[in-house]
Amino acid sequence: HADRAMHESKKSGRNTMYFFNSSMRNEADKYMELTSAMRTGLAEGHFQVYYQPILDVALQRFTRCEALCRWISPDRGFISPGEFIPVAEQSGLILELGSWLSKQVFACYHTLNSNGYDINFSLNRSPLEFNSIPHTEQFIQSRIQSGIPAEKITLEITESLLMSDNNIKSRNFNALKQEQLNFSIDDFGTGYSAINYLRKYPVESLKIDKSFISEMGVSGQADTLVKVIIQMAKTLEISVVAEGVETREQYEALKKMDCDYIQGFYFAKPMPKEDFLQFIAEHEKELQI
Ligand code: C2E
Ligand code: MG
Ligand code: MG
Ligand code: MG
């Protein structure tokens, strides 16, 4: 059909406006295929949650972490979230994935807690999750049943999610906020940064996007922007997390700028639960010496 559609559009003399071409068809096929593979992967337990430690600069301790989803397929290998999250979002599978993920995160909190560590866990919430009242209610109930203090959980959302305002969103935001759950703005600086939304949706923290961090020391403009974001956040009493910190130079510069939290490969990559527990245990032991 794609070929015929192309042929006909050529015949009509509109060479530049194809309705449907073979590359679009491949995209659609790929999407369908990935959706069904994801469904199978979820049912067969091929998804995992990795945890990336986040350093509290003032305390010099890893007091937070971010939960990041991993899909390790026996026949496809490692598939990156950049590839499967948009598919999950579009197909609605993100609701199932998100519910599963939050249960894993709650279990991980308990494991660390029973070992004597009290860590804050950040979860990424997608627009579809945030736009669903039943899904949000279910999350709230699941958190209550887990017995985990709400202030130990942070929900990461993007600026664009808050920009496109609607009643369901504000209802969900208020319900989660009322539970004392924390909010963080992910990838800060890549959206509109029309920080007006902060008045309606107060957040506990913001995460400076890693594209700014990687430009630090390279582009003077990036350095200035990072500095301005940190100062703005301080004024608004919002804490700042720098994401994607890979070098000592970046870390030192951010420390000088009074950045509150650091996340990045410089300290640790996202890792499975067991490794994460070990990582925290080793660092806390160092502190006791
Ligand atoms: P994000 O929420 O901004 O997560 C941070 C990403 O930066 C992660 O990529 C992390 O592995 C990566 N990262 C951390 N430190 C460094 C560093 O020093 N250098 C570099 N180059 N990268 C670093 P990842 O795990 O591939 O996830 C990509 C995106 O997929 C996430 O971006 C998030 O938007 C989404 N995602 C991942 N897991 C989930 C999930 O469970 N639910 C939802 N809704 N989205 C998720
Ligand atoms: Mg995130
Ligand atoms: Mg993100
Ligand atoms: Mg981010």
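If the only charges are +1 at each Lys and Arg Cβ and -1 at each Asp and Glu Cβ, what is the size of the charge dipole of the chain around the Cα centre, to the nearest 20 debye?
Value, rounded to 20: 640 debye.
Going by accessible area, probe 1.4 Å, with all protein chains left in place, what is the ranking of HIS46, HIS110, largest first?
Listed by decreasing accessible area, they come as HIS110, HIS46.
Do you know the relative contact order of the chain, to the nearest whole percent, from alpha carbon pairs under 8 angstrom that are 6+ apart?
17 percent
Relative to 2.2 N^0.38 Å, what does the C-alpha radius of gyration of the chain come to as a ratio? Two decimals please.
Relative to the 2.2 N^0.38 Å estimate, the chain comes out at 1.13.
Using a 1.4 Å probe over the heavy atoms of the protein chains, calculate the carbon and sulfur portion of the accessible area of the stretch 165-289 as a whole percent.
The value for the stretch 165-289 is 50 percent carbon and sulfur by accessible area.
To make sure I understand the rule: partners must be aspartates and glutamates, Cα under 12 Å from the Cα of LYS234, and not fewer than 8 residues away in the same chain. Which ones qualify?
GLU204, ASP258, ASP260
Give the accessible surface of the chain per residue, rounded to a whole number of Å², with probe radius 1.4 Å and ligands, DNA and RNA excluded.
Heavy-atom accessible area per residue stands at 52 Å².
Indicate the gyration tensor shape class of the stretch 116-207 (rounded, prolate or oblate), computed on the Cα atoms with a ≥ b ≥ c the square roots of the eigenvalues: a/c under 1.5 is rounded; otherwise a/b larger than b/c is prolate and the rest oblate.
Verdict is oblate for the stretch 116-207.
Would you look at the GNM of the chain, springs on alpha carbons closer than 10 Å, and say which of ILE133, ILE157, ILE195 moves the most?
For the chain, modelled as a Gaussian network with Cα springs under 10 Å, the answer is ILE195.
Rounded if a/c is under 1.5, else prolate if a/b is larger than b/c, else oblate: which is the stretch 211-278, with a ≥ b ≥ c the root eigenvalues of its Cα gyration tensor?
Oblate, because a/c is 1.5 or more while a/b does not exceed b/c.
Can you work out the Karplus-derived ³J(HN,Hα) for every residue in the stretch 168-181? Use 6.51 cos²θ - 1.76 cosθ + 1.60 with θ = phi - 60°, whole Hz, and x for glycine or proline.
4, 4, 5, 4, 5, 4, 5, 5, 5, 5, 4, 6, 6, 6
Given contacts defined as C-alpha pairs under 8 Å and at least six residues apart, what's the relative contact order of the stretch 91-206, whole-number percent?
Result for the stretch 91-206 is 25 percent.
Hey, what do the phi angles of the stretch 225-236 turn into as Karplus ³J(HN,Hα) couplings, whole Hz, using 6.51/-1.76/1.60 and θ = phi - 60°, x for Gly and Pro?
4, 4, 4, 5, 4, 5, 5, 4, 4, 4, 4, 7
Is the stretch 137-289 rounded, prolate or oblate when judged by the Cα gyration tensor, a ≥ b ≥ c being the square roots of its eigenvalues, rounded requiring a/c under 1.5 and prolate requiring a/b larger than b/c?
Since a/c reaches 1.5 but b/c is at least a/b, the shape of the stretch 137-289 is classed as oblate.
Please report the spacing between the Cα centers of the stretch 23-71 and the stretch 180-237 in Å, no decimals.
23 Å
How much of the DSSP beta bridge set in the chain is antiparallel, as a percent to the nearest 5?
Antiparallel bridges: around 45 percent, rounded to the nearest 5.
Just list whichever of LYS152/LYS227; LYS152/LYS269; LYS210/LYS269; LYS30/LYS103 have alpha carbons separated by over 24 Å in the model shown.
Beyond 24 Å: LYS152/LYS227; LYS30/LYS103.
How large is ³J(HN,Hα), in whole Hz, for each residue of the stretch 270-283 in order, when computed from phi with the Karplus curve 6.51 cos²θ - 1.76 cosθ + 1.60 and θ = phi - 60°, using x for Gly and Pro?
x, 9, x, 3, 5, 5, 5, 4, 5, 4, 5, 4, 5, 6
The values are calculated or read from the model by the stated rules, or taken from the named source; none is laboratory data. Every value quoted in this text rests on a predicted model; they were computed, and no experiment measured them. Ideal geometry is used to build each Cβ from the backbone, glycine not excepted, and the neighbour counts take in all protein chains shown. Ligands, DNA and RNA are excluded from the accessible area calculation, which covers all protein heavy atoms including side chains. Shrake-Rupley method; radii C 1.70, N 1.55, O 1.52, S 1.80 Å.
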